[in-house]
Amino acid sequence: MAFHGLSFLNFTKVNNPVIDISKLKSILQNKDLENFLIDGIIKEIEELKIQNNNSILKIIHQHIINYIKSTIHFFEIDNNITPHIITLCGVNGSGKTATSFKMCNLLLNLGYKAKLVSCDIIRPGAKYQFEDLQQKTNIESYYKDPDEDIFDFINKQFNKKHGNYDVVILDSPGIVMGNKVTIDYVSLIINLIKDTLPQNKFSTLFVADANMGADILSQILFIKNSIDLDGMFISKMETTSRIGQILRASKKFDIPIYGIGNGINMENIEEVSEEKIAHHIFKEDDLL
């Protein structure tokens, strides 16, 4: 049978491409996922002889979701005794200051009375970043002057006579890896606040730069020796999908993940979920 005028069409049966298992394994390893997790994914795909990309994607996502179920938590603000103090700590350049402003902005939008207090006086340029974000957001925020006594600053900012707040966000000084002076200074500040408000809820969150890879493990080990960490916030998620080491650290040290930052705007802060993490790590484009 002839189809006049349609001779240029080439009707052929299109088959799904055969999945290269070794290539898929390499892609998964590049995400910094643990070996046993990768082996479980590959084993299921091979046993079920799956070649359909959508089915493979679902299997990968489900394995990641099962892996991180115990690490994802919702953060709760304690309204019984206010303010609830949330301290953000991390190494220099981890995105701590930007995360502090994002978190304070989110709380204000949710109806909480909140302010931001920064003692980040160690990192060069920290004050300029603080002032820039302060001007852009109009968030009530206070920066410790380098010449100001830390005891006086803490007493002023965390004394209830200076305002009744639901939440106070503390942007702590950036920690320099291997430098005990910097971590001792952060520990001193935290203990001063706890002494000032002994009955209040106090949460210390570690800001994990998504780009740090295996360095995250050593960072947490260094910090945990001096500071109790109650949770983790992943910053700069928009820059990489290689966050397997952060998930490993969360499970290894039993530090729950409470949120993610995925952009430079103040609104780029999100609640975290197993599905969101799984889809961020492995996308359909990874199979192309």
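Nothing in this text is a laboratory measurement; each read-out follows from the coordinates by a stated rule. Every value quoted in this text rests on a predicted model; they were computed, and no experiment measured them. Here the Cβ is made from the backbone with ideal geometry for all residues, glycine too, and neighbour counts use every protein chain on show.
Dipole magnitude for the stretch 172-288: about 460 debye, using +1 per Lys or Arg Cβ and -1 per Asp or Glu Cβ, origin at the Cα centre. Once the Kirkwood radius over Cα pairs is known for the chain, the Stokes-Einstein relation at 37 °C and 0.692 mPa s delivers a diffusion coefficient of 156 µm²/s. Within the chain, antiparallel bridges make up roughly 10 percent of the DSSP beta bridges whose residues both belong there.
For Asn159 and Lys49, the FRET efficiency from 1/(1 + (r/R0)^6), where r spans their Cβ atoms and R0 equals 45 Å, is about 0.10. Taking the helices alone, the chain has a mean residue ellipticity at 222 nm of -12500 deg cm²/dmol, built from -39,500 (n - 2.57) per DSSP H run of at least 4 residues and averaged over all its residues. For the stretch 122-172, the dipole from Cβ point charges (+1 on Lys and Arg, -1 on Asp and Glu) about the Cα centre works out to 140 debye, to the nearest 20. Ranked by the mean number of other Cβ atoms within 10 Å of their residues, highest first, the peptides 139-150, 184-195 come out as 184-195, 139-150.
Only one residue of Leu88, Ile27, Ile77 has its Cα farthest out toward the positive end of the dipole of the chain, where Lys and Arg carry +1 and Asp and Glu -1 on Cβ, and that residue is Ile27.
Rounded to the nearest 20, the Cβ-based charge dipole of the chain about its Cα centre (Lys and Arg +1, Asp and Glu -1) stands at 340 debye. Projecting label points 7 angstrom from Cα along Cα→Cβ for Val181 and Lys252 puts them 2.9 nm apart.
Ordering Asn179, Leu192, Asn211 by the projection of their Cα atoms onto the charge dipole of the chain, which places +1 on the Cβ of Lys and Arg and -1 on the Cβ of Asp and Glu, puts Asn211 at the extreme positive end.
When the charge dipole of the chain is built from unit charges on Cβ atoms (+1 for Lys and Arg, -1 for Asp and Glu) and taken about the Cα centre, the candidate among Ile243, Leu133, Asn109 whose Cα reaches farthest toward its positive end is Ile243.
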